[in-house]
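The block underneath contains the structure these notes are about, expressed in structure tokens.
The values are calculated or read from the model by the stated rules, or taken from the named source; none is laboratory data. Treat the numbers as computed from the prediction; the structure is a model and nothing was measured. With ideal geometry, Cβ positions are generated from the backbone for all residues, glycine too; neighbour counts draw on all protein chains shown.
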Ligand code: UP5
Ligand code: MG
């Protein structure tokens with residue numbers, strides 16, 4: 001995978017900040033592959049893999065699945081895609097995820113897209129999503145927020161210190177958020 005030198009953008013932001021929604025729009029316009037770590041983990045549960053029960057329990061508690069599991073799924077999806085440009089959505093979620101991904105894949109992100117959104121907006125969105133996600137109940141949502149603040153924000157701070165974060169105001173309507181996203185993905189010399 002390292003030999004292929006793929007271009008990777010990490011798409012980060014709290015639960016319900018709009019990562020998946022905006023990634024779908026980026027894919028249509030900018031020809032990236034969208035890899036949602038959460039979607040890959042949920043597919044792994046459905047496939048009945050030996051890790052399925054462990055993953056399911058962690059997601060129900062809003063906890064972060066061990067990085068070797070997530071990284072294996074990401075690597076496999078990248079290799080199978082045949083593409084060389086990826087949006088990695090919802091990963092890395094803690095410092096250990098970040099360091100392990102770098103060590104295993106030798107990939108450094110091109111930049112990090114950070115959807116910044118107040119908790120009250122995210123909570124409202126998640127409670128009205130109605131897609132049957134087992135973690136979209138108020139108890140789990142609170143746990144997800146806590147993990148985001150304690151473990152995931154430090155990853156964003158790490159990349160901020162490296163000048164790699166493109167921060168987007170994600171509290172606006174979907175189309176307005178996408179206008180700001182487009183600016184980030186449009187080459188500056190065009
Ligand atoms: N919506 C979106 N944008 C809107 C806007 N601008 N205005 C109004 N509404 C908007 O959006 C959520 C909802 O809001 C939708 O109904 C949408 O229409 C609306 P969505 O785009 O789905 O937001 P997203 O940020 O993708 O929210 P998601 O719930 O997927 O974020 P999480 O980070 O919580 O979930 P994820 O799937 O990444 O992870 C789930 C769990 O998996 C984690 O808690 C963890 O337990 C586990 N996990 C790991 O352990 N490791 C990983 O690497 C990844 C996940
Ligand atoms: Mg998502």
Anything in the stretch 153-187 that is touching a helix residue (DSSP H, G or I) at 6+ places or on another chain (Cβ under 7 Å), within 24 Å of residue 31 (Cβ to Cβ) and not in a helix (DSSP H, G or I)? List them, or say none. 165, 166, 168, 170
Are any of the residues in the stretch 105-125 part of a helix (DSSP H, G or I) and closer than 30 Å to residue 2 by Cα? yes
From 71, 88, 107, grab the single residue that is within 16 Å of ligand 2 (Cβ to nearest atom) and modelled with pLDDT of 95 or more. 88
Given the conditions (1) part of a helix (DSSP H, G or I); (2) within 9 Å of ligand 1 (Cβ to nearest atom); (3) surrounded by fewer than 19 Cβ atoms within 10 Å (Cβ to Cβ); (4) touching a residue at least 24 places away in the same chain (Cβ under 8 Å), every one holds for residue 129 apart from (1)
In the stretch 41-65, anything free of Cβ contacts under 8 Å to residues at least 60 places away in the same chain, touching a helix residue (DSSP H, G or I) at 6+ places or on another chain (Cβ under 9 Å) and more than 8 Å from ligand 1 (Cβ to nearest atom) is listed as 43, 44, 45, 46, 49, 51, 52, 53, 54
